[in-house]
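Peer 1: My questions will all concern the structure given below.
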Amino acid sequence: MEYNIAVIKGDGIGPEVVDAAIEVLNEIGKKYKHNFKYEEVLAGGVAYDVYNNPLPEETLEICRNSDAVILGAVGGPKWDDLPGDKRPEAALLGLRKGLGLYANLRPAILFEALSDACPLKPEIIGEGLDICVVRELTGGIYFGDRGYKETEMGMAAYDIMIYSKQEIERIAKVAFNMAQKRSKILTSVDKANILESSRLWRKTVEEVAKDYPDVTLNHMYVDNAAMQLVRYPQQFDVIVTENMFGDILSDEASMITGSIGMLPSASLGENNKGMYEPVHGSAPDIAGQGKANPIATIMSIAMMLKYSFNLSEESENIEFAVKKALDEGHRTLDIVSKGDNALGTKEMTQVILKNI
Ligand code: NAD
């Protein structure tokens, strides 16, 4: 099979970690006889420098016509003083909107070998964690009407949280499909005791559940979910929630894993099209030094194989190779214990390649 992939290396450590992930993907291509074709396009600070625009139309067009997009990271101090629409980070919102990426998947995996990095007590985390937060990405309060108005109490500001049934249905389906591929437990998080939009959310998720009789659906209020994530995280497998709750809960869940250099993410739209990127930013403090941990980007590639290309065995091969590298004791700067030697980006990539 041939797969067309748009590659946005971006700024800072972006090019270093994307190059590492592509090496791993090429190895998978060789082993399983797939033809991965890459088209490199510019977005972020580097695109601003060339085109005076962090997301040139040509980039968006090539991404639209690809089967999937790999993104490193964008941003850095060089562009911090630009106006909002010229900042590198504007490219991220433009890509999500322009590609219709309404589902954000953020797995929070704590490998047993890295349990020291977890801020929770060993008896709480047990043998490691594997939670996936499915966050609605293009609706809710971040996209509702907003503004200012005069009230009896003086000037007031408002942001409206609005969800259509259709928006809830499509994100619920993504979450149920994912739960089916994992341990078949789905927790839907809302605030249905207070919010009307949450009541529609809950009712709609229950309707969608009828098509997935093999998945156990639980509902949880968002305040309780925030608490349960640090009290008893083992109870969760897939969590589905609206945009703002998901923003907060996915950060909380990822913190449990200890290191930002390990966390992948996927943003999906219709027809399994997706953009795959590490959760971390461009890490200007270590850019160009060959020290960055490539695992978050490599694991993002594993997600691409699973969710956009339906290549589960290939995806699991990458996850296995990463886990083995960690079990063997290999560590990059961000996850090394005091006194141990840290591998650079290239050395860690070579270790993972050997395990494919
Ligand atoms: P950051 O994630 O870039 O860095 C935070 C800390 O984590 C730094 O000390 C960095 O060295 C370390 N780190 C991050 N990734 C690492 C890796 N793979 N290996 C080892 N260490 C790693 O966050 P920040 O410093 O807040 O932001 C830097 C820039 O990145 C800003 O311009 C910000 O806007 C941008 N940013 C971009 C994205 C994105 O492109 N999706 C996301 C977050 C931040």
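Peer 1: Step by step: first the residues of region 131-145, then only those that are of a type in the set (A, V, I, L, M) and farther than 19 Å from LYS165 by Cβ, then the one that is surrounded by the fewest Cβ atoms within 10 Å (Cβ to Cβ). Which residue is that?
Peer 2: ILE131
Peer 1: Any idea which of (1) more than 16 Å from the ligand (Cβ to nearest atom); (2) over 18 Å from the mean Cα position of the chain (by Cα); (3) farther than 25 Å from LYS291 by Cβ is the one ILE5 doesn't satisfy?
Peer 2: (2)
Peer 1: How many residues are touching a Leu at 6+ places or on another chain (Cβ under 8 Å) and farther than 23 Å from TYR307 by Cα when one looks only at region 92-116?
Peer 2: Residues that pass the stated criteria total 2.
Peer 1: Name the single residue, out of those in region 84-106 being among the basic types (Lys, Arg) and under 13 Å from ALA266 (Cβ atoms), that is farthest from the chain's Cα centre (by Cα).
Peer 2: Among those residues, the one meeting the criterion is ARG96.
Peer 1: Restricting to region 177-188, count the residues that are surrounded by fewer than 22 Cβ atoms within 10 Å (Cβ to Cβ) and within 18 Å of the chain's Cα centre (by Cα).
Peer 2: 3
Peer 1: Just checking, how many residues over region 327-352 are buried (at least 20 other Cβ atoms within 10 Å of the Cβ) and part of a helix (DSSP H, G or I)?
Peer 2: Of the residues in region 327-352, 4 are buried (at least 20 other Cβ atoms within 10 Å of the Cβ) and part of a helix (DSSP H, G or I).
Peer 1: Which of (1) in contact with a strand residue (DSSP E or B) (Cβ under 6 Å, 6 or more places away or on another chain); (2) within 28 Å of MET299 (Cβ to Cβ); (3) of a type outside the set (Ser, Thr, Tyr) does ASN177 not meet, given it meets every other one?
Peer 2: (1)
Peer 1: From the list LEU95, LEU71, exactly one residue is closer than 20 Å to PRO278 by Cβ, within 12 Å of the ligand (Cβ to nearest atom) and part of a helix (DSSP H, G or I). Which is it?
Peer 2: LEU95
Every read-out reported here was derived from the displayed coordinates using simple, explicitly stated rules and does not represent laboratory data. Not measured: the values here are computed from a predicted model. Glycine also receives a Cβ, built like all others from the backbone with ideal geometry; neighbour counts cover every protein chain displayed.
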